[in-house]
1. Residue under question is Tyr47, and the condition is that it be within 14 Å of the chain's Cα centre (by Cα), closer than 19 Å to Asn110 by Cβ and of a type in the set (Ser, Thr, Tyr); does it hold?
2. (1) open to solvent by 90 Å² or more (accessible area, probe 1.4 Å); (2) not in a loop (DSSP other than H, G, I, E, B): which one isn't true of Asp28, the others all being true?
3. Among the residues that make up the stretch 12-20, is at least one of them open to solvent by 80 Å² or more (accessible area, probe 1.4 Å), within 18 Å of Asn110 (Cβ to Cβ) and basic (Lys, Arg)?
4. Does at least one position in the stretch 37-51 carry a residue that is open to solvent by 30 Å² or more (accessible area, probe 1.4 Å), charged (D, E, K, R), in contact with a Ser or Thr (Cβ under 7 Å, 6 or more places away or on another chain) and part of a strand (DSSP E or B)?
5. If you go through the stretch 1-25, how many residues are in contact with a Ser or Thr (Cβ under 9 Å, 6 or more places away or on another chain), assigned to a loop (DSSP other than H, G, I, E, B) and among the charged types (D, E, K, R)?
6. Restricting attention to the stretch 25-50, which residues are on the phi > 0 side of the Ramachandran plot and touching a residue at least 40 places away in the same chain (Cβ under 8 Å)?
7. Mind checking which residues of the stretch 58-113 are open to solvent by 50 Å² or more (accessible area, probe 1.4 Å), part of a helix (DSSP H, G or I) and not aromatic (Phe, Trp, Tyr)?
Amino acid sequence: DQKEILLVKQYRPAVDNFTLELPGGHVDKNQTPEQAAQNELFEETGYLTKKLDFLGDLNPDVGRMTNKLWCYYTGDISIAKKWESEKGIEVVKYPIQQIGELIKSKQFNNAFNLAALFLAELKNVFTKI
């Protein structure tokens, strides 16, 4: 409702820096990608959603890996009454209009996340906000 995008900020040793990322994680055994997305949203941000819109799935590294990247969008979130933040993760919100500047300044530059935003753009998600 505030036309913001919800991100997480965390230190990533591989790049020796703090990163801004979309909430995300792995699909556990006996879990659908949609269930995993809902769980990761809650675990990393404390927000809940009942409705996710499937944006698409991608093959992140066809030269070496067989994993999948499932991308979802929701504009229908609510803060959970009981939640404990994960150590080292800070929840941040940015106005959706600021995302381009975050990308240009390389503050938001995770390739998987940029691909998910591109899928959202293709589905006109941002024009509906």
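1. When the stated conditions are applied, Tyr47 does not pass them.
2. With respect to (1) open to solvent by 90 Å² or more (accessible area, probe 1.4 Å); (2) not in a loop (DSSP other than H, G, I, E, B), Asp28 is out only on (2).
3. There is at least one residue in the stretch 12-20 that is open to solvent by 80 Å² or more (accessible area, probe 1.4 Å), within 18 Å of Asn110 (Cβ to Cβ) and basic (Lys, Arg).
4. No, the stretch 37-51 contains no residue that is open to solvent by 30 Å² or more (accessible area, probe 1.4 Å), charged (D, E, K, R), in contact with a Ser or Thr (Cβ under 7 Å, 6 or more places away or on another chain) and part of a strand (DSSP E or B).
5. The qualifying residues number 0.
6. Result: Gly46, single match.
7. Answer for the stretch 58-113, where residues must be open to solvent by 50 Å² or more (accessible area, probe 1.4 Å), part of a helix (DSSP H, G or I) and not aromatic (Phe, Trp, Tyr): Gln97, Gln98, Glu101, Ile103, Lys104, Ala111.
The values are calculated or read from the model by the stated rules, or taken from the named source; none is laboratory data. Please read these numbers as outputs of a predicted model, since none were measured by experiment. As a convention, Cβ positions derive from the backbone with ideal geometry for all residues, glycine included, and neighbour counts pool all protein chains shown. The accessibility values were calculated without ligands, DNA or RNA, using every heavy atom of the protein model including side chains. Shrake-Rupley method; radii C 1.70, N 1.55, O 1.52, S 1.80 Å.
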